[in-house]
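Nothing in this text is a laboratory measurement; each read-out follows from the coordinates by a stated rule. Not measured: the values here are computed from a predicted model. Here the Cβ is made from the backbone with ideal geometry for all residues, glycine too, and neighbour counts use every protein chain on show.
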Amino acid sequence: MHNYASVSTGASMTVDVSREAFSDYFVIRLENGQSEELEPEEARQWFREHGADMDAVEKCLDHVWNFRQAEIVITDFRLPRYKLHAHAPKLD
């Protein structure tokens, strides 16, 4: 049995989203410099896991697809979900 947890940071995060001309992926860049290259569906999943307003995300991704760059602010930034195992391993 697995439990899933999501941790709210209580802070907002500005995310820069860009796309190179003629590419099929988005580059998501956080304020701390961390970045990821994600396909459109993976980008939607990333924003969903981090607590973004999905209506705003769709508008942002459409804008980036056409104009190559935009910023979106996630007002209640969440750390991604992770698995908590029901039983801890037995260490000898």
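The modelled label-to-label distance for the pair ASP53/VAL73, using points 7 Å beyond Cα in the direction of Cβ, is 1.0 nm.
With each label modelled as a point 7 angstrom along the Cα→C-beta vector, the GLU31-GLN45 pair spans 2.7 nm.
In terms of surrounding Cβ atoms within a 10 Å radius of their Cβ, HIS50, HIS63 rank from fewest to most as HIS63, HIS50. In a simple Cβ point-charge model (Lys, Arg +1; Asp, Glu -1; nothing else charged), the stretch 2-76 has a dipole of about 120 debye relative to its Cα centre.
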